[in-house]
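Heads up, the thing below is written out as structure tokens.
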Amino acid sequence: MKKIILLICSIVFFASCNDTSKVQELDIQNTSDEATKNEPTKPEETEVWKPIPPTINPFGQNGVPSDAIVLFDGSNFDEWISAKDSTEVKWILNGDGSMTVKDKTGDIQTKRNFGSVQLHVEWRSSAEIRANGQNRSNSGVYLQNRYEVQVLDNNDNETYSNGQVGSIYKQSIPLAKASVATGKWNTYDIIYHAPEFNSDGDKTKSATITVLHNGVLIQDHFKIKGTTEYIGWPKNVAHGPAPIKLQDHGDNSGVSYRNIWVRELN
Ligand code: MG
């Protein structure tokens, strides 16, 4: 009798197991049906109409995007001051829409402060080769007065890789050397996102920078480690919006700039 009861129990148990499997299969089937039911079937269901981005003219006045702030168009230094004492710029205003570093007059910086930006800069090394290594047409574009994108005549001119043209000075070697011939005009197109700091002054988010050199990607969303120091490690003292700065390296660089504009990124 006991054997019969045990057999019946076993049959019921296995039958139960089989039922569970069926239920699970049904659930899977139901889930699958649900997913199918939620999948949009009309193109309109995945369309988003607002917000509508602003319309700009990418080739506005002098070929500059219509929503950009023109920092230098060759006509004056109205947007700039001397970095060391905030007096008027001593650099040379050429008649061809460009300016040239006047040796040992110091860096220049924008009167305006900026946070995250898209920045366009054109630069040209001296056609005359005057020195070697870091002393040949050395200048630099500084974001927020602290973070340098190196400008250098690197053509047939060896130097340390993390200080070569297009480097984030002493932090990031460029992905390629994309310079044009010495004495010709280069472009830098820079996407820069400012760092963030908390109320204690601690950095909570690193700045990032992407650089196109003559249209070639040479810095790919690099996380800036801190200030780009000539001697020493990067520093991270809290700061807010700050000027864009151009470097006078102090060794008769002969570097020229033209067509500088910026779009603020929010
Ligand atoms: Mg430099």
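The values are calculated or read from the model by the stated rules, or taken from the named source; none is laboratory data. Everything numeric here is computed off the predicted structure, so don't read it as measured data. FYI the Cβ positions are ideal-geometry reconstructions off the backbone, even for glycines, and counts take in every protein chain you see. Quick note on the areas: whole protein, heavy atoms, side chains included, nothing else; ligands and nucleic acids left out. Shrake-Rupley method; radii C 1.70, N 1.55, O 1.52, S 1.80 Å.
Can you name every residue in the stretch 219-241 that is open to solvent by 40 Å² or more (accessible area, probe 1.4 Å), of a type in the set (Gly, Ala, Ser) and either touching a Pro at 6+ places or on another chain (Cβ under 7 Å) or closer than 26 Å to TRP80 by Cα (or both)?
Passing the criteria: only ALA238.
Tell me yes or no: at least one residue of the stretch 188-210 is of a type in the set (Asp, Glu), more than 15 Å from the ligand (Cβ to nearest atom) and in contact (Cβ under 8 Å) with a residue 24 or more places away in the chain.
Here is the first cut: in the stretch 188-210, the ones of a type in the set (Asp, Glu) are 189, 196, 200, 202.
With more than 15 Å from the ligand (Cβ to nearest atom) added as a condition, the list becomes 189, 196, 200, 202.
After this cut, where a residue has to be in contact (Cβ under 8 Å) with a residue 24 or more places away in the chain as well, the list is 189, 202.
Scanning the stretch 188-210, I find at least one residue that is of a type in the set (Asp, Glu), more than 15 Å from the ligand (Cβ to nearest atom) and in contact (Cβ under 8 Å) with a residue 24 or more places away in the chain, so the answer is yes.
Of the residues that make up the stretch 93-107, is at least one among the aliphatic types (A, V, I, L, M) and open to solvent by 30 Å² or more (accessible area, probe 1.4 Å)?
Yes, the conditions are met somewhere in the stretch 93-107.
Taking the stretch 182-218, which residues are open to solvent by 60 Å² or more (accessible area, probe 1.4 Å) and charged (D, E, K, R)?
Once the filter is applied, which keeps residues that are open to solvent by 60 Å² or more (accessible area, probe 1.4 Å) and charged (D, E, K, R), the stretch 182-218 yields LYS184, GLU196, ASP200, ASP202, LYS203, LYS205.
Write out, first by first residue and then by second, each pair whose Cβ atoms fall under 7 Å of each other, whose residues are 6+ apart or on separate chains, and whose first residue, in the stretch 132-153, is at positive phi and touching a residue at least 24 places away in the same chain (Cβ under 8 Å) while the second is hydroxyl-bearing (Ser, Thr, Tyr) and more than 9 Å from the ligand (Cβ to nearest atom).
So the pair list comes out as GLY133/THR159; SER137/SER125; SER137/SER126.
Filter the stretch 221-261 down to residues that are in contact (Cβ under 8 Å) with a residue 24 or more places away in the chain, assigned to a loop (DSSP other than H, G, I, E, B) and within 16 Å of the ligand (Cβ to nearest atom), then give me how many there are.
Of the residues in that region, 16 qualify.
Testing ILE244 on (1) exposed (fewer than 14 other Cβ atoms within 10 Å of the Cβ); (2) under 17 Å from the mean Cα position of the chain (by Cα), one condition comes back false. Which one is that?
Condition (1) is where ILE244 drops out.
Does VAL101 qualify as being of a type outside the set (S, T, N, Q), more than 24 Å from the chain's Cα centre (by Cα) and within 14 Å of the ligand (Cβ to nearest atom)?
So VAL101 passes the test.
Quickly run through the stretch 78-131 and pick out the residues that are without any contact (Cβ under 8 Å) to a residue 12 or more places away in the chain and among the polar types (S, T, N, Q).
Of everything in the stretch 78-131, those that are without any contact (Cβ under 8 Å) to a residue 12 or more places away in the chain and among the polar types (S, T, N, Q) turn out to be SER86, THR87.
Please determine, by comparing only the residues of the stretch 35-77 that are over 26 Å from the mean Cα position of the chain (by Cα) and within 28 Å of GLY95 (Cβ to Cβ), which one is surrounded by the most Cβ atoms within 10 Å (Cβ to Cβ).
ASN76
Which condition does GLN118 not pass, out of (1) farther than 19 Å from ASN76 by Cβ; (2) surrounded by 21 or more Cβ atoms within 10 Å (Cβ to Cβ), if it passes all the others?
(2)
Given (1) over 22 Å from SER161 (Cβ atoms); (2) in contact with a Ser or Thr (Cβ under 6 Å, 6 or more places away or on another chain), identify the lone condition not met by GLY201.
(2)
Considering only the stretch 133-161, state which residues are open to solvent by 50 Å² or more (accessible area, probe 1.4 Å) and either of a type outside the set (Gly, Ala, Ser) or within 14 Å of the ligand (Cβ to nearest atom) (or both).
Passing the criteria: ASN135, ARG146, ASP156, GLU158, TYR160.
Pull out all pairs, ordered by first then second residue, where Cβ-Cβ is under 7 Å, the residues are six or more apart or on different chains, the first lies in the stretch 156-174 and is under 19 Å from GLY226 (Cβ atoms), and the second is among the hydrophobic types (A, V, I, L, M, F, W, C) and open to solvent by 50 Å² or more (accessible area, probe 1.4 Å).
Listed by first residue and then by second, the contacts come to ASN162/ILE173; SER167/ILE173.
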